[in-house]
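Remarks on the structure that follows.
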Amino acid sequence: MLGAQIGMMGAMASGKAPYDAAAFKVAAERAAFMSTVVPDVFPAGSDVGNTKAKSEIWKNQPEFQKLLGDLRDKTAALAAATKTATSLDALKPAFGAATQTCKACHDKYKAD
Ligand code: HEC
């Protein structure tokens, strides 16, 4: 669900879909909300079975928690930015910062 929201905003940011300020705002608010749920989907012991979650997650909890915090902060900042932004260009820096947090964690803790 988080990926779908980012995907919708990304399509607008890259010009593949027309910019719709209201739809972007809803997607940003959903992404911010979903980001508060992500910490609960990685309980200890869930590094087995059909998963791309690397076991390092549970060996390196301080860093993983920090990356989760970055995700929450940057998606919240993006949602906040949609309240006042008057153009898509004004949202791009906050969108870029939010998607950087996905990459930062996936590069290290998600298997390909
Ligand atoms: C703190 C770490 C972390 C952050 C931040 C993070 N992810 Fe992930 N994500 C993971 C891990 C680990 C997996 C692999 C989970 C699994 O396979 O069980 C994953 C899997 C996914 C998947 C695949 C889900 C599936 O059903 O296979 C999507 C889509 C995704 N993330 C999107 C995002 C987006 C979009 C962001 C940023 C807005 C984000 N993630 C931020 C760690 C993170």
**Message:** Given (1) farther than 13 Å from I6 by Cβ; (2) open to solvent by less than 30 Å² (accessible area, probe 1.4 Å); (3) within 11 Å of the ligand (Cβ to nearest atom); (4) of a type in the set (A, V, I, L, M), identify the lone condition not met by A81.
**Reply:** (3)
**Residue in the stretch 48-61 that is farthest from A104 (Cα to Cα), counting only those that are within 21 Å of the chain's Cα centre (by Cα) and near the ligand (Cβ under 9 Å from one of its atoms)** = T51
**Request:** Quickly run through the stretch 40-58 and pick out the residues that are in contact (Cβ under 8 Å) with a residue 40 or more places away in the chain, open to solvent by 60 Å² or more (accessible area, probe 1.4 Å) and in a helix (DSSP H, G or I).
**Result:** E56
**Request:** Just give me the residues in the stretch 84-94 being assigned to a helix (DSSP H, G or I) and buried (at least 17 other Cβ atoms within 10 Å of the Cβ), in sequence order.
**Result:** L88, L91, A94
**Message:** Considering only the stretch 18-38, I want to know if a residue exists there that is near the ligand (Cβ under 10 Å from one of its atoms), of a type in the set (S, T, Y) and touching a residue at least 24 places away in the same chain (Cβ under 8 Å).
**Reply:** yes
**Message:** If a residue must be more than 16 Å from T101 (Cβ to Cβ) and surrounded by fewer than 17 Cβ atoms within 10 Å (Cβ to Cβ), how many such residues does the stretch 2-39 contain?
**Reply:** 13
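Out of the residues in the stretch 95-112 that are more than 24 Å from V48 (Cβ to Cβ) and crowded, with 19+ Cβ neighbours inside 10 Å, state the one that is farthest from the ligand (Cβ to nearest atom).
Filtering the stretch 95-112 for residues more than 24 Å from V48 (Cβ to Cβ) gives 95-101, 103-104.
Of the ones still in play, those that are also crowded, with 19+ Cβ neighbours inside 10 Å are 95, 98, 101.
Values: F95: 10, A98: 6, T101: 5 Å.
Among those residues, the one meeting the criterion is F95.
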**Members of the stretch 64-78 found to be surrounded by fewer than 16 Cβ atoms within 10 Å (Cβ to Cβ) and either acidic (D, E) or not in a helix (DSSP H, G or I) (or both), listed by number** = D73
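Scan L71, L88 and give me the residue that is of a type outside the set (S, T, N, Q) and touching a residue at least 60 places away in the same chain (Cβ under 8 Å). Can you show your working first?
Details: L71 fails: touching a residue at least 60 places away in the same chain (Cβ under 8 Å).
Within the list L71, L88, the selection yields L88.
The values are calculated or read from the model by the stated rules, or taken from the named source; none is laboratory data. The model shown is predicted, which means the values in this text are computed figures rather than measured ones. FYI the Cβ positions are ideal-geometry reconstructions off the backbone, even for glycines, and counts take in every protein chain you see. Protein only, heavy atoms only, side chains kept; ligands, DNA and RNA dropped before computing areas. Shrake-Rupley method; radii C 1.70, N 1.55, O 1.52, S 1.80 Å.
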